[in-house]
Amino acid sequence: MAEFDTIIKGGTIVDGTRVPRYKADLGIKNGKIAKIGRLKASDASRVLDASGLIVAPGFIDLHTHYDAQIHWDPYCTIGSWHGVTSVTIGNCGFGFAPLRPQDAERAMLALSRNESIPLEPMKVSMHVDWETFPQYLDSISRLPLGVNISHLYPLAPAVAYVMGGFDDAKKRFPNDKEMQAIVRGFHEAMEAGAVGWSAQRLVPESRASVQRDYDGTPMITDILPDEFYLTMARALGEEGRGCIQFTQSGASQSQFGIEDDFRFLEKLATESGRPLLYNAVVISDKHPESHRAQLEWLKAANSRGVRVFGQAVTARSPVRMTLEDWNLFDSVPAWQEATVGTLEEKKAKLSRPELRQAMRAEYDKGGMETLDVLFGELPKYIARKVYRPDLKEKYEGLSVAQIAEREGKHVIDAMLDLSVADNLKTEWVGPVTNSNATLFKELMDAPFTLPGVSDGGAHIKFLTFAIYPTEVLSWLVRDAGIMTLEEAHFRLSGLCAWAAQFKDRGTLREGMAADIVVYDLERLKTLPEEIAYDLPAGEWRRVQKAEGYRWIIVNGEPIFEDGRCTGATPGKLLRHGQAVN
C-alpha cells in the first residue's frame, strides 16, 4: 500500500506562516498533509509535478454570501476558480437559519434585494428541510461540497424566529423573555458548530445604508439597540470561542462624523474577549482619508490589546450595472423609492419629476459623496451596452458626463433618460476607484487587515470581487511589488484562519488539512468578465475566471485542474472551525 495518496513533487512551498519559501515535496494522506521534505515518487498513488510552480495553502474567504448558492453550486464559484478552498457564510447577520417554514420565502426576499441574489434560483433550489440552526448545519453537511463551509450565526433570522417573523421583528425591540430565547438559540448554534455571530448595522438616518430589505426598509439588525449587541457579545464571551463579524459603513468614518461606531465595535470585542472582524476597509483613490481613519482606529484598538481585524476590499473590479437590477444607491431615499418594484413600476418612478428633482438636489449638495467612495463618481459611468438600435448608435461608449454635456442635461437626467428609453437595459460601467498601489501598500502594511470582502454569491449582476486572491498575487505581489509572496499567503490564508478561528487549515504544516493551490506566478491572471447563464431558473450572473492555477486541492483532492472542474466534492462542513468526520 502506498505511503501517500498524493505527492506534490518539486514545487516551491510558501506555507502561509511568513516562513521564507523553500523547495520541497509534499505528501498527502487521508486528506491531510502527512509529510513535507524529500519524498520518493514511488511512495504515492498519484504524483503531481509542481516543478517551477508555487505550492501554497488554499485561500480562506471570510466574507461571502454563498448561503443560497451552495444549494446549486458545490464549488462556490467565482471564489474557487481563484483558489479559495474555504468560505464563511452567514455574514452581515443574514442567512437561512433558524427559520420557520412559513418564513422561508420571506428570508429569500430579503436577500433578493439586500444582497442582490435573484429570487427564482433560490425558490427552485432551496428545499427547506430544517428549522433550527443545528438542523440547518446538518442539512449543509449532507450537500455535495466542493469547498469547505464555515458558518456564522446570523442575527436577523435569529431575531425574526423568536419574535414571530421578519416584519414583526422590525416593529419593536426584543423583550427580556425574547432576549433570553435569542441567546439560548445562539448557544445551541455554537454547540452545533457555529463560529460566532454576525450583524450589519447601517442605520439609514445617520450613514450610508446601501443594503436594505426587499421593500426598501432597514434590515432587522440595522435597528437593534446597542444593548442587544452587548448582550450577544457577552454570550459569545461565555462560549470562550468564535468571533464576531460586524458590518458598518465603509465610508470615511472621520469625514462623516461617526467615530462612535469605532468605540462601540471595540466595546463589543472587549465584552466578548473574542476577535471582531470589521467590514469594510475600502481604498478610494479620491478619498484616502477613508481607509487611513479606519487603519488608525484598528492600530489604536490593537495597541490596547483588543483583537479587531479590518476586512479589506482588495479587488479592482468596477461596478457594472443596469437600473433594472441596481439597488446600491439605497442610502438616498429618492433612489431607494425609485428602484423598488417591477420593471414597469421602476421605469415610471425613475421618470417621476419629483423623484428626479430629489435625486438632482441630493447630487448637487454632495449627498452621494459616500457612494462615490464605494462605487465611483456618477458622471464617469460609461454606457457600455445600449440595446435599442437608435440609442445604441448615438450613446454607446459615452460617459454620463459626455451625454449630459452634449444634451445640456443634469447628469442625473442624462443617465436616467437613456436608461428609461432603453427599457432599463442599458449597462453602465463605473470607474475603477481603487487602482493606486501606493494606497494598497498602506493597507497591507497594517498588520491587522485581511484581504477579501469578496461578497461571493451576492451582487452577482454588479460585482466580481471574488477575484481578489488572484489580484493580490498577480498585481500587488508580482506587478506592483508592494508585498512579498510570503506576506501575501500569510494574509490570504494563515492570518484569516487565525482571526476567524479555523483550527485545522490555513497553513502548510504536517497534520493540517491538505487545502492547497499550485500555480505559476508568472502566468497568473484574472480573465475578462463574462455573462454566465449558469444559475437555476435561467438566471445569469457576471463572472471572471482565472488562468495560471495548475491545481486547486481541497482535503487532498483536486477540484480544478488547469481551470477544469474535476467533479470531485471533497469539501467539508467546518464545525467550530474544523472538519469533523
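In the stretch 72-149, which GluC sites (Glu not before Pro) fall in coil by DSSP and have 13 or fewer other Cβ atoms within 10 Å?
none
Counting each pair of different Cα atoms once, what's the Kirkwood radius of the stretch 320-429 in Å, rounded to one decimal?
13.8 Å
Mean separation of Cα pairs under 8 Å and 6+ residues apart, divided by the residue count of the chain: what relative contact order is that in percent?
About 21 percent, as a whole number.
Could you tell me which of the pairs Lys9/Lys545; Lys171/Lys365; Lys40/Lys572; Lys32/Lys299; Lys349/Lys409 are separated by over 24 angstrom between their Cα atoms in the structure shown?
Lys9/Lys545; Lys171/Lys365; Lys40/Lys572; Lys32/Lys299
Give the range of the longest stretch in the chain that excludes all chymotrypsin sites (Phe, Trp or Tyr not before Pro) found in loop regions by DSSP and having at most 14 other beta-carbon atoms within 10 Å.
So the longest stretch without any such site is 1-386.
In the stretch 266-368, which trypsin sites (Lys or Arg not before Pro) are in a loop and have at most 16 other Cβ atoms within 10 Å, using DSSP for the loop call?
Sites meeting the loop and neighbour criteria: Lys286, Arg304, Lys365.
So which trypsin sites (Lys or Arg not before Pro) in the stretch 58-143 end up in coil per DSSP with only 13 or fewer other C-beta atoms within 10 Å?
Arg142
Using only Cα atoms, find the angle between the long axis of helix 104-114 and the longest principal axis of the chain, and express it within 0 to 90 degrees, rounded to the nearest 10.
70 degrees
Would you mind checking which residues have amide H under 5 Å from Val195's amide H? H placed 1.01 Å from N; only 5 or more apart, or other chain.
Amide H neighbours of Val195: His151, Leu152, Tyr153.
As I understand it, the value is the acute angle between the Cα axis of helix 353-364 and the longest principal axis of the Cα atoms of the chain; what does it come to in degrees, rounded to 10?
Tilt of helix 353-364: around 60 degrees.
On full extension of the chain, what length is gained from Leu527 through Glu345, given 0.36 nm per residue of separation minus the C-alpha to C-alpha distance?
Result: 61.9 nm gained on full extension.
Counting helices only, and only those DSSP H runs with n ≥ 4, report the 222 nm mean residue ellipticity of the chain as the sum of -39,500 (n - 2.57) divided by its residues, in deg cm²/dmol to the nearest 500.
Helix-only estimate at 222 nm: -9000 deg cm²/dmol.
Rounding to the nearest 10 and keeping the result within 0 to 90°, find how far the Cα-based axis of helix 176-192 lies from the longest principal axis of the chain.
40 degrees
What aspartates and glutamates sit close enough to Lys35 to cross-link, taking a C-alpha to C-alpha distance under 19 Å and skipping anything fewer than 8 places away on the same chain?
Excluding near neighbours in sequence, the set is Glu3, Asp5, Asp15, Asp25, Asp43, Asp49, Asp504, Glu510, Asp515, Glu557.
In whole Å, largest first, what are the principal axis extents of the Cα atoms in the chain?
Per principal axis, max minus min of the Cα coordinates gives 76, 60, 48 Å.
Using 0.36 nm times the number of residues separating Glu131 and Lys40, minus their current alpha carbon distance, what extension gain do you get?
Difference between extended and current length: 27.7 nm.
In the chain, what % of DSSP beta bridges are antiparallel (nearest 5)?
50 percent
Read the figures in this text as sums done on the coordinates, not as results from a lab. Computed from a predicted structure; not experimentally measured. Positions of Cβ are backbone-derived with ideal geometry, glycine not excepted, and every protein chain shown enters the neighbour counts.
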